[in-house]
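Since the structure comes first, as structure tokens, the remarks are kept for the end.
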Amino acid sequence: MMTFETFLLICLLLWGLPLTQLRSRFRKKVYKTDSAWININPIFFKEVWALFTKIYPKDKEYLEMRTFYNFYLIVYLSLFFTYINLA
């Protein structure tokens with residue numbers, strides 16, 4: 001029988017799989033580039049700022065992506081902290 005901790009760990013791992021793709025798409029939108037090098041660069045101040053503010057208020061695609069990415073990160077962090085508190 002699977003314990004609740006094991007279940008949470010599996011959920012955390014499965015929920016985390018698309019994170020790199022989502023972050024890549026978000027970074028490309030924030031830095032306005034299609035280059036794959038943006039995923040390697042350690043620059044993230046503008047990315048974090050873009051998560052909490054509307055740096056491109058007229059760009060509907062950015063706003064939708066930002067909303068979804070924020071939701072995704074909130075669920076991910078909730079799973080993570082729940083798992084840490086139970087472990």
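Take the Cβ atoms of residue 1 and residue 48, set R0 to 35 Å, and the FRET efficiency comes out at 0.30.
The region of the chain that goes longest without hitting one of the trypsin sites (Lys or Arg not before Pro) in a DSSP loop, each with at most 10 other Cβ atoms within 10 Å, is 1-31.
Find the eigenvalues of the gyration tensor of the Cα atoms of region 4-86, then list the square roots of 5 times those eigenvalues as equivalent ellipsoid semi-axes, largest first, in whole angstrom.
Values: eigenvalues 146, 40, 23 Å².
Calculated on Cα positions only, the semi-axes equal 27, 14, 11 Å.
Hydrophobic, long helices, defined as DSSP H runs whose alpha-carbon span along the helix axis is 15 Å or greater and whose mean Kyte-Doolittle value is at least 0.0, occur in the chain at 4-16, 60-86. The relative contact order of region 4-86, computed from alpha carbon pairs under 8 Å that lie at least 6 residues apart in sequence, is 40 percent. By other beta-carbon atoms within 10 Å, ranking 14, 51 with the fewest at the front produces 14, 51.
If the segment from residue 80 to residue 67 were pulled out straight at 0.36 nm per residue, it would be longer than the present Cα-Cα gap by 2.7 nm.
FYI, it's all coordinate maths here, none of it is from the lab. Model, not experiment: these values are computed from the prediction. Because the Cβ atoms are built from the backbone with ideal geometry, glycine has one as well, and the counts that use them run over all protein chains shown.
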